[in-house]
Amino acid sequence: MIFHKPVLLKEAIESLKIRANGKYMDATIGGGGHARAIIEEGGIVLGIDQDPEAIEYVREKSKFKIQNSKLVLVRGNFLDIKEIAHLNNFEKPDGILFDLGISSYQLDESGRGFSFLRNEPLDMRMSKDSELTAWEIVSRWNKDELYQIFSKLGEEPNSRAISDSIVRARRLRPINTTGELADVVAESVRGKKTGRLARRHPATRIFQALRITVNRELENLEKGLKGGFEILAGGGRLSVISFHSLEDRIVKSFFRKLVFSGSAELTNKKPIVPKIQEIRENRRARSAKLRTIEKI
């Protein structure tokens with residue numbers, strides 16, 4: 001099983017300027033691809049993930065590195081990155097990487113309903129410790145609440161029509177699975193203009209909005225970036241790989257404020273994006289953007 005194919009692997013490792021025996025945090029270890037590359041360059045890694053299946057996968061694949069103290073694994077949310085660093089004697093790391101993409105395993109094999117390509121329960125929790133599920137939102141939130149998250153977090157132009165359709169449909173029968181939800185969404189926009197989104201399935205941005213809401217992704221990102229930069233060593237680098245405009249906007253704004261205050265400097269004026277060859281080999285890389293700052 002391939003848990004996740006790392007995006008912008010070479011570029012991300014180069015952005016961190018790995019040095020021998022330097023300390024690096026992988027705030028979203030996923031399948032461990034970036035962490036392994038950092039260790040191969042001579043670094044020591046503390047890897048974090050809120051998904052216990054990701055932690056277990058990396059632990060099984062990286063026993064030698066763990067035994068030789070090259071890799072420390074912690075199940076947790078990067079929201080708590082400062083506390084995690086402190087508890088593991090990992091203060092003042094030389095670099096921190098945030099890869100904000102959802103893993104291939106979570107999309108294709110986790111059974112948690114992240115994708116409408118498989119008919120699965122409407123869950124979408126990265127961690128089962130969370131109480132809120134996508135089913136709870138779809139089944140119980142009112143029309144205006146649905147509209148708000150679809151329009152703001154999904155940037156979906158047909159949010160009003162989709163919200164109306166979901167509320168009407170669930171009065172007739174429960175919407176319990178990803179397939180049922182995708183069908184309701186598709187029917188609600190049939191014949192409507194979708195503009196540049198026409199080539200995408202109409203449920204794409206609805207699923208994005210639900211996942212972001214369930215996992216509080218944007219709120220956690222803001223706190224994680226702040227905490228990460230605070231513990232970063234002087235001269236250390238903070239790199240972030242984002243996959244949609246909402247994430248990238250937060251990262252860009254956060255970096256801009258640090259540069260303006262004189263606390264950091266950009267390593268590249270524009271974000272680094274995947275080369276055509278990588279996109280051909282991994283379609284999920286197509287929207288990735290890598291931004292990096294260096295702490296002064």
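The values are calculated or read from the model by the stated rules, or taken from the named source; none is laboratory data. Model, not experiment: these values are computed from the prediction. All Cβ positions, even for glycine, are placed from backbone atoms using ideal geometry, and neighbour counts span all protein chains on display.
For the reader, a short list of remarks on this structure follows.
- Single residue of S263, S287 found to be hydroxyl-bearing (S, T, Y), modelled with pLDDT under 95 and surrounded by fewer than 19 Cβ atoms within 10 Å (Cβ to Cβ): S287
- Selection status of R112, without any contact (Cβ under 8 Å) to a residue 60 or more places away in the chain and under 20 Å from R284 (Cβ atoms): yes
- When segment 245-282 is limited to residues that are among the basic types (K, R) and over 16 Å from the mean Cα position of the chain (by Cα), the one that is farthest from L9 (Cα to Cα) turns out to be K257.
- Selection within segment 16-48 - outside any helix (DSSP H, G or I), more than 15 Å from G228 (Cβ to Cβ) and of a type outside the set (G, A, S): K17, I18, R19, N21, E41, I44
- Within segment 33-47, tally of residues that are in contact with a strand residue (DSSP E or B) (Cβ under 7 Å, 6 or more places away or on another chain) and under 22 Å from A285 (Cα atoms): 4
- Subset of segment 45-61 [crowded, with 21+ Cβ neighbours inside 10 Å and either in contact with a helix residue (DSSP H, G or I) (Cβ under 6 Å, 6 or more places away or on another chain) or without any contact (Cβ under 8 Å) to a residue 60 or more places away in the chain (or both)]: V45, L46, G47, I48, D49, A54, Y57, V58
- In segment 213-241, the qualifying residues are those that are under 17 Å from L107 (Cα atoms) and touching an Asp or Glu at 6+ places or on another chain (Cβ under 9 Å), and the one that is surrounded by the fewest Cβ atoms within 10 Å (Cβ to Cβ) is E217.
- Just one residue in the set E120, E83 is without any contact (Cβ under 8 Å) to a residue 12 or more places away in the chain and either more than 19 Å from the chain's Cα centre (by Cα) or closer than 29 Å to L181 by Cβ (or both); that residue is E83.
- Meeting the requirement of 3 or more residues that are within 30 Å of S253 (Cα to Cα) and touching a residue at least 12 places away in the same chain (Cβ under 8 Å), the helices (runs of 4 or more DSSP H) wholly within segment 133-233 are 143-152, 204-215, 217-231.
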